[in-house]
1. Is there any pair with a first residue in the stretch 50-69 that is in a helix (DSSP H, G or I) and modelled with pLDDT of 95 or more and a second that is open to solvent by less than 90 Å² (accessible area, probe 1.4 Å) and among the β-branched types (Val, Ile, Thr) whose Cβ atoms are under 6 Å apart and which are 6 or more apart or on different chains, and what are they?
2. Output the residues belonging to the stretch 144-181 that are without any contact (Cβ under 8 Å) to a residue 12 or more places away in the chain, open to solvent by 70 Å² or more (accessible area, probe 1.4 Å) and within 17 Å of VAL44 (Cα to Cα).
3. Any residue in the stretch 95-103 that is touching a residue at least 24 places away in the same chain (Cβ under 8 Å), open to solvent by 50 Å² or more (accessible area, probe 1.4 Å) and either in contact with a Pro (Cβ under 8 Å, 6 or more places away or on another chain) or not aromatic (Phe, Trp, Tyr) (or both)?
4. Against the definition (in a loop (DSSP other than H, G, I, E, B), of a type outside the set (Lys, Arg) and either open to solvent by 10 Å² or more (accessible area, probe 1.4 Å) or at pLDDT 95 or above (or both)), how does ASP141 come out, yes or no?
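The values are calculated or read from the model by the stated rules, or taken from the named source; none is laboratory data. What you see is a predicted model; the values in this text were computed from it and never measured. Glycine also receives a Cβ, built like all others from the backbone with ideal geometry; neighbour counts cover every protein chain displayed. What goes into the accessible areas is simple: the full protein's heavy atoms, side chains included, and nothing from ligands, DNA or RNA. Shrake-Rupley method; radii C 1.70, N 1.55, O 1.52, S 1.80 Å.
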Amino acid sequence: MNTMLRKSVLGIAGLAFTGGVFAGPIAAHAAEPVHSTKPVAVSVQGAQSKIDLNDEQTANAKAIIAATKKAGLPERAAVISIATSLQESKLENLGHLGDANDHDSLGLFQQRPSSGWGTPEQITNPEYSTLAFLKGLKQVDGWQDMPLTEAAQTVQVSAYPDAYAQWEQQAADIVAHNWNS
């Protein structure tokens, strides 16, 4: 066997072995039973922000939780949704803000009609906007186990991708307090 062919065969065998070493634990992990309960906060990242909520903001948080339950998703989805809304609108159902508006962004999640999120009337409906956000979240592979800011950013495509993380603890507290009420 010539030297070049032998090096190629050995290189391929080495890659196959390495792949087996690394894929083995992954495959074994995949075979483990899936637990139905996920922690509300997977791992809070960085410095946390907190705001005092008024009655309207509290009602909007409860509407997000109700829509999450309606969608059949776990508490973790509500935490991601509320943290996203805290970042985007401080849980306020924002209408058109004139010159202060970010393009045509509206509602709790600052969704844009021009980007296909729905009509202005739909986007400013808390249940509709939450279900639209959750539809996007469900399309993110592994969202349940990824950092909140990564899951939110994948759906929202924000100019400030790391900003969602600062709201995780408050969102987790809101969900823990209201999930069973």
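1. What qualifies is ALA61/ILE82; ALA61/ILE174; ILE64/ILE82; ILE64/THR130; ALA67/THR130.
2. GLU150, ASP173
3. Yes; the residues of the stretch 95-103 include at least one that is touching a residue at least 24 places away in the same chain (Cβ under 8 Å), open to solvent by 50 Å² or more (accessible area, probe 1.4 Å) and either in contact with a Pro (Cβ under 8 Å, 6 or more places away or on another chain) or not aromatic (Phe, Trp, Tyr) (or both).
4. For ASP141, the condition - in a loop (DSSP other than H, G, I, E, B), of a type outside the set (Lys, Arg) and either open to solvent by 10 Å² or more (accessible area, probe 1.4 Å) or at pLDDT 95 or above (or both) - is met.
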